Amino acid sequence: MILQLKTWLFMAFIYTVVSTAHAYTDDDLGYSIDIDDGYKVSRMYGMTMFESNDSDNVVIIKNWPDLTLEMAEEYLLSGYQNETMAIVTTGDIKQQKVENGSGLLVDVLGIFERKLMRGLAAGFIGDNGQGMLVLVSAADADWDAFESEARKIATSVKFNEPLAGPDAHDWYLMLAGTRLSLRFASNDERRREDLYFCSDGSFVHRLSTSAMKDSESGSAFGFSTKTGSGSWKVVDGNVGSRLMLLYSDGSEESAIIEERDGRAYLDGRRYAIMRNNRCR
């Protein structure tokens with residue numbers, strides 16, 4: 001789930017210090033959370049991560065638009081495990097109210113890189129359709145001293161009106177869980193571009209190129225493929241909706257996205273909307 005934590009805790013991040021003493025606000029996503037200035041904050045893969053400067057305490061917020069209570073409960077109960085971490089629930093899931101929203105909260109136990117951790121996991125849904133997963137954790141030896149603060153942090157989430165407008169919201173619902181595919185062919189070259197959009201805000205971009213070249217000595221065939229991944233979102237602007245791709249290497253791409261006769265266009269290029277087999 002806790003869910004799509006996957007490699008979150010083990011990515012290389014560029015850190016900046018939280019600029020406010022007691023609150024972090026994300027106007028784009030429409031939420032704020034109370035967390036002091038003793039944490040470093042970084043953002044990647046549709047996630048915001050806070051790490052304490054003085055301890056192993058960690059707060060992770062994973063954006064999940066249109067999360068439902070049923071989906072949140074399923075992921076909280078299922079836990080998560082891979083080669084480097086395992087997280088399981090250790091208590092009953094309880095309902096939790098937050099400002100302009102509500103959700104579920106549960107105690108968890110985890111192992112991160114052979115280190116025993118304890119914490120809280122939550123799934124919150126805002127009144128304006130926002131959704132998020134929250135994990136607050138500390139080293140097992142530090143949990144008793146940190147638990148009261150952890151519960152205050154987890155339940156301090158406040159939802160407000162996000163900057164993304166209604167068209168961007170509709171595009172999210174249309175794209176999440178689908179694949180956009182574009183194929184191009186000329187006399188000697190073929191290209192295929194696929195964008196896989198996942199409901200948790202992550203994406204995979206795959207570009208394949210093949211070409212046949214003739215020369216006096218004969219013909220040569222070449223094939224190459226390039227794959228990238230990161231987080232995606234759609235924002236509304238003065239000239240329509242724009243798809244934003246934020247790659248894990250820090251680069252960004254964007255394109256005007258529009259619908260014509262039931263088909264999707266990115267900067268005027270027509271993409272087929274197809275089945276997505278890369279997202280769970």
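State yes or no: is residue 250 in the same structural domain as residue 203 (by TED's automatic domain parsing), over 15 Å from the mean Cα position of the chain (by Cα) and loosely packed, with under 14 Cβ neighbours inside 10 Å?
no
Considering segment 124-135 alone, what residues qualify as being without any contact (Cβ under 8 Å) to a residue 60 or more places away in the chain and surrounded by 18 or more Cβ atoms within 10 Å (Cβ to Cβ)?
Correct list: 124, 125.
Output the residues belonging to segment 233-263 that are part of a loop (DSSP other than H, G, I, E, B) and charged (D, E, K, R).
Across segment 233-263, the qualifying residues are 249, 261.
Starting from segment 172-192, keep only residues that are not assigned by TED's automatic domain parsing to the domain that holds residue 205 and in a strand (DSSP E or B), then list their pairs with residues that are at pLDDT 85 or above and surrounded by fewer than 15 Cβ atoms within 10 Å (Cβ to Cβ) whose Cβ atoms are within a distance under 8 Å, requiring at least 6 positions of separation or different chains.
Matching pairs, first to second residue: none at all.
Name every residue in segment 28-47 that is assigned to a strand (DSSP E or B) and at pLDDT 85 or above, in order of residue number.
31, 32, 33, 39, 40, 41
In segment 260-279, which residue that is touching a residue at least 12 places away in the same chain (Cβ under 8 Å) and of a type in the set (D, E, K, R) is surrounded by the most Cβ atoms within 10 Å (Cβ to Cβ)?
Filtering segment 260-279 for residues that are touching a residue at least 12 places away in the same chain (Cβ under 8 Å) and of a type in the set (D, E, K, R), the one surrounded by the most Cβ atoms within 10 Å (Cβ to Cβ) comes out as 278.
Matching residues to (1) within 16 Å of residue 25 (Cα to Cα); (2) surrounded by 15 or more Cβ atoms within 10 Å (Cβ to Cβ); (3) among the aliphatic types (A, V, I, L, M):
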position	(1), (2), (3)
122	no, yes, yes
137	no, yes, no
142	no, yes, no
159	yes, yes, no
170	no, no, no
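Mind listing whichever residues of segment 166-208 are of a type in the set (A, V, I, L, M) and touching a Phe, Trp or Tyr at 6+ places or on another chain (Cβ under 8 Å)?
Result: 175, 176, 180, 182, 195, 204.
The values are calculated or read from the model by the stated rules, or taken from the named source; none is laboratory data. Since this is a predicted model, take the numbers as computed values, not measurements. Quick reminder, even Gly has a Cβ in these numbers, built from the backbone with ideal geometry, and neighbours come from all protein chains shown.
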